[in-house]
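The values are calculated or read from the model by the stated rules, or taken from the named source; none is laboratory data. A quick note: this is a predicted structure, and the numbers were derived from the prediction, not measured. Backbone-built Cβ (ideal geometry, glycine too); neighbour counts: all protein chains shown.
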Amino acid sequence: MHTRLCGGLIAVGVALLSAQPAVAQTSKSAALAKELVAVLDAGKMDSVAAKDPAAADRFFGVLYMPGIQLIVIDGQYPSPMALELRILRREYKDAYLDLNGASVAATRLGIEDMGANGLAAKRVPNQAFDSIDMAGKRTMFDSNWKAQKIKEEDYLKTFASADDRYAQILTALLAETKRK
């Protein structure tokens, strides 16, 4: 009897664990976002921008609203030298604004990190949720993929891809804050 009861409980436990929604993915960007926020807070900064180390004409910019969010833009810029000069001069907010207003639309990725704590695929009840806008297509990480008319699998793939890219962006932005 004891063996059957334990076996039954184990089977129920396994079934419950496997029934958990797949949206409980770990965020690669969470620790990096928290680190960037700490650096921005310590430096009393509201923005930073950086060149993408993997592309000559691609840049990142972030606008920081303390305690509220990080708003990130990633995209190709038609006049790379002008943006490089702004970054060199530490004119980060101007670089962010230039990139936000004039980056090539087809290459633009916008990220709204609500809470400034990294992307999360699963929404916390009664809290703001993160979202991305990739070349004009918006995805909200509100755990409601059905309302967005996408499959859960596609929602999770979009999240994973956005979180990977966000981690790359945050790494470059952190490197820029450490530049002498």
Return the residues of segment 123-144 that are modelled with pLDDT of 90 or more, under 17 Å from Thr107 (Cβ atoms), surrounded by fewer than 17 Cβ atoms within 10 Å (Cβ to Cβ) and touching a strand residue (DSSP E or B) at 6+ places or on another chain (Cβ under 8 Å); say none if nothing qualifies.
Asp133, Arg138
Just the residues that are assigned to a helix (DSSP H, G or I) and either on the phi > 0 side of the Ramachandran plot or among the hydrophobic types (A, V, I, L, M, F, W, C) (or both), please, taken from segment 140-165.
Leu156, Phe159, Ala160, Ala162
Out of everything in segment 77-122 that is farther than 22 Å from Val39 by Cα and basic (Lys, Arg), what residue ends up being surrounded by the fewest Cβ atoms within 10 Å (Cβ to Cβ)?
Lys122
May I ask you to verify whether Leu119 is at pLDDT 95 or above, in contact with a Lys or Arg (Cβ under 7 Å, 6 or more places away or on another chain) and not β-branched (Val, Ile, Thr)?
no
Could you list, in sequence order, all residues of segment 150-167 that are free of Cβ contacts under 8 Å to residues at least 24 places away in the same chain and either buried (at least 17 other Cβ atoms within 10 Å of the Cβ) or under 18 Å from Ala30 (Cβ atoms) (or both)?
Ser161
